[in-house]
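Just so it is clear, none of the values below were taken in a lab; they were calculated from the coordinates. If you're wondering where the values come from, they're calculated on a predicted model, not measured in any experiment. In this analysis, Cβ positions are derived from the backbone assuming ideal geometry, glycine residues included, and neighbour counts consider all displayed protein chains.
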Amino acid sequence: MKSHRKHFAIPMKQAAFAAIVTASCWNGFSQAQETKTDSSRFVDHSLLIAPEYPCTWPSHPFPRFSIMHQRTIGPDSAYNVDALLIDGNTGTQMDVPPHSVARPDLNREKSGPLGLAYTDKIEPWQFGGEAVVVDVRDLLDQAPKGVSPLVKPAHVERFEKQYRQVRFGDVVLFRSDYTDKYYAPYPQGRRFIADVLDQKAPGYPDPDPECMEFLGKRGVMALGTDSASMGPLPTLAEPTHYAGLKYGMIWTEGATNLKELPPTGAFYCLLGPKHKDGPYGEARAFSIVGGKLPARLIDACRNKRAVDLSPTLSADYPLTSPGIGTANHRQTYLKIDFVYADYLDMWHHGHLMDAMAGTHLVPPSYALPADAKAVQYAPEVRGWLEEYEKQYGKRGTSDLTTEKVPIEWTCGEARVIDVRSLVGTIPADRWPASPEISVAEIKRYEAASGELRPGDVVLFQTGHNDRYLRPDRTDKALWMDPLAGKSEGWPAIGPDAVIYLQSKGIRCIASDAPDLGGVDPRRALMTYWAMGSHEMVGVEFLVNVDKIPAKGAYFLFAAVNVRDCHGGPGRAIVLW
């Protein structure tokens, strides 16, 4: 694994205890890295999303991607807070059947039950499988301007003669190296899509409808392409989409770096935010190569052993924090319609959303400044920092934003620690407060279930989201009442437990509560300082943790690959 410590700095406390803990922590992380790199290697296949890249479809009226740094660490905020304007056709993306299959109630020629298989309805086993890489590099740029070279059934048969027949459980990936060659910042980035649409350059290679039919009859349920779309230009985009999607396929558009994969044997996965009624969605693609792990995860997908841990994203749900006090709320999740598809009776839409809406990543840079310059915190926060540094050592710095966090940090053996017994333990006169998950609580789990190991993902089961997340934004039970001190807060981990977990080699902490910090702003900030300063990441806002098997479960999470983002919406699943 590539070292990322250049993004992180923490002046170490001089006390002997801190030195011992720190040495133990880095030793644990070193063991985790050694274990993963010696056996399995993670490969990112996702395009970088940034305003100066051709990451969105360039035709009118598709919206341009935008990231808004709404708050930065300073007098008004202890955190870096971002909002995103993002359309599902951004960067590396997922298509699902309703992109072309009409709803059954419309009674049209292309209507069917799969017209309801939106991004929030696809079963999680379908997101992964064995990567089958069909090499079509001989087609790159081999067509007239504005026209796509066509991947035919013969190209798949050529692969099959050399390796094996494609089948259910495979993710067939068409490798042309198009994104590797042409995805670049503007103005060079016009060659990626715009110049093709303007008939100034050859199109990207893509399968034709006959190839889709061939794969559909083979039982293949997931495809991918390193072209900008799965639709050949200028006239076969919709016929090709429908030919595959009518079989219930999903696919990756805009994959990259497929050259890192062997022809067969790697595990491939595509995870993206779970938008309600989404016909497509922004996503993160990655693979795992080498060792025993790929075969284990491929087998889980082939046999449909998977649990979805992410709630549906909808404007009907309270997905982001209302904050404590007026004007402190995070950006609410909003659906934005921009073009109507008459045949599908559906609006194409994007979203304005907080970067921490629903299931999301917490990178070190969320609570840490990027450099050692003095931060002009509010007086109250300065007091908290003095208290923190006296007890835990200097708060660190980090520029580890979402795109710099390796995917392997948020994947690992699932270790579920049930902390529901803590619910109801805080007297009402102490609210707002969250029961704190202590080191003793974690050690009790280890005594019963075995020692935590480097690279494990620790998931705290509080039951809070499963109990209180409802499709009613006026319901105050999830966020508002606990934050206002009208009910007890959800169980949350404290800085002492964070440091203990790091000493065990844990890189990622997750929770089925709204966040890891809890409702006491002082204690929450100390938790995030401890996580960031010890180069740990969090995954927040999970559901269905109670459905994870006690043994043999592997946790997978990936955030959308947005540059300079201090959060990151994504999807979490477990394969077992």
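Could you work out Rg/(2.2 N^0.38 Å) for region 361-509, with Rg from alpha carbons only?
Details: Rg = 17.3 Å, N = 149, 2.2 N^0.38 = 14.7 Å.
It is 1.17.
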Treating the beta-carbon of each Lys and Arg as +1 and of each Asp and Glu as -1, no other charges, what is the dipole magnitude of the chain about its Cα centre, to the nearest 20 debye?
-> 900
Cα-Cα P(r), region 58-162, percent of pairs per 10 Å interval | 10, 19, 31, 26, 10, 4, 0
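Taking neighbour counts of Cβ atoms within 10 Å as a proxy for exposure, in what order, fewest first, do Phe159, Phe62, Phe541, Phe338 appear? Present the calculation step by step, with values, prior to reporting the outcome.
Values: Phe159 20, Phe62 16, Phe541 26, Phe338 13.
So the residues, fewest neighbours to most, are Phe338, Phe62, Phe159, Phe541.
Please give the net charge around Leu106, taking every other residue with its beta carbon less than 12 angstrom from that of Leu106, where Lys and Arg add +1 and Asp and Glu add -1. Could you put the intermediate results ahead of the total?
On the way: positive: Arg103, Arg108, Lys110; negative: Asp105, Glu109, Asp342, Asp345.
Residues close to Leu106 contribute a combined charge of -1.
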Percentage relative contact order, region 409-566, counting C-alpha pairs under 8 Å, at least six apart = 32
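Over the chain, what relative contact order in percent results from Cα pairs under 8 Å that are six or more residues apart?
On the way: 1468 pairs, mean separation 114.8, N = 576.
Worked out over the chain, it gives 20 percent.
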Label point 7 Å beyond Cα of Arg563 along Cβ direction - residues of region 48-71 with amide nitrogen under 16 Å | 48-56, 65-69
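Given the -39500 (n - 2.57) contribution per DSSP H run of 4+ residues, what per-residue ellipticity at 222 nm results for the chain, rounded to the nearest 500 deg cm²/dmol? Provide the component values of the computation, followed by the final result.
Working: 13 runs with 129 residues, N = 576.
Dividing the helical sum by the residues of the chain leaves -6500 deg cm²/dmol.
Set the bar at 22 Å for Cα to Cα. Now go through Lys152/Lys246; Lys335/Lys404; Lys152/Lys292; Lys373/Lys394; Lys110/Lys145; Lys246/Lys547 and name every pair that lies beyond it.
Working: Lys152/Lys246 18 Å; Lys335/Lys404 28 Å; Lys152/Lys292 33 Å; Lys373/Lys394 13 Å; Lys110/Lys145 31 Å; Lys246/Lys547 31 Å.
Exceeds cut-off: Lys335/Lys404; Lys152/Lys292; Lys110/Lys145; Lys246/Lys547.
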For an R0 of 45 angstrom, estimate the FRET efficiency from the Cβ-Cβ distance between Gln70 and Glu238 and round to the nearest 0.05.
-> 0.75
Work out the charge dipole of the chain with +1 on the Cβ of Lys and Arg and -1 on the Cβ of Asp and Glu about the Cα centre, then indicate which of Leu344, Thr240, Thr225 is farthest towards its positive end.
-> Thr225
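Is there a quick way to get the dipole size of region 222-309? I mean about its Cα centre, with the Cβ of Lys and Arg at +1 and of Asp and Glu at -1; what is the value in debye to the nearest 20?
Numbers: 10 positive and 8 negative charges, 90 e Å.
That gives a dipole near 440 debye.
Could you line up Ile122, Ile324 from fewest to most neighbouring Cβ atoms inside 10 Å? Can you show the working numbers first?
Working: Ile122 22, Ile324 14.
Least crowded to most crowded, the residues run Ile324, Ile122.
Please arrange Glu253, Glu160 by how many other C-beta atoms lie within 10 Å of their C-beta, fewest to most.
Details: Glu253 26, Glu160 15.
Least to most surrounded, the residues fall as Glu160, Glu253.
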Selection from Val147, Ala440, Asn80 lying farthest towards where the dipole of the chain points positive, charges on Cβ = Ala440
Over all pairs of distinct alpha carbons, what does the Kirkwood formula give as the hydrodynamic radius of region 90-304, in Å?
-> 17.2
Computed from the beta carbon distance with a Förster radius of 25 Å, FRET efficiency for Lys443 and Asp546 to the nearest 0.05 stands at 0.65
Would you mind calculating the relative contact order of region 90-304 from Cα pairs under 8 angstrom and at least 6 residues apart, reporting the percent as a whole number?
-> 32
Candidate values (i) 26.7; (ii) 25.3; (iii) 31.2, label of the one derived for mean projected area of the Cα convex hull in nm² | (ii)
Along Cα→Cβ, 7 Å out, is where each label goes; now give me the distance between the ones at Arg453 and Arg108 in nm to one decimal.
-> 5.2
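In the neighborhood of Pro54, defined by Cβ-to-Cβ distances under 12 Å, what is the net charge if each Lys or Arg adds +1 and each Asp or Glu adds -1? Provide the component values of the computation, followed by the final result.
Details: positive: Arg64, Arg190, Arg191; negative: Glu52, Asp195.
Counting the neighbours of Pro54, the net charge comes to +1.
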Net charge over other residues, Cβ less than 11 angstrom from the Cβ of His69 (K, R count +1; D, E count -1) | -1
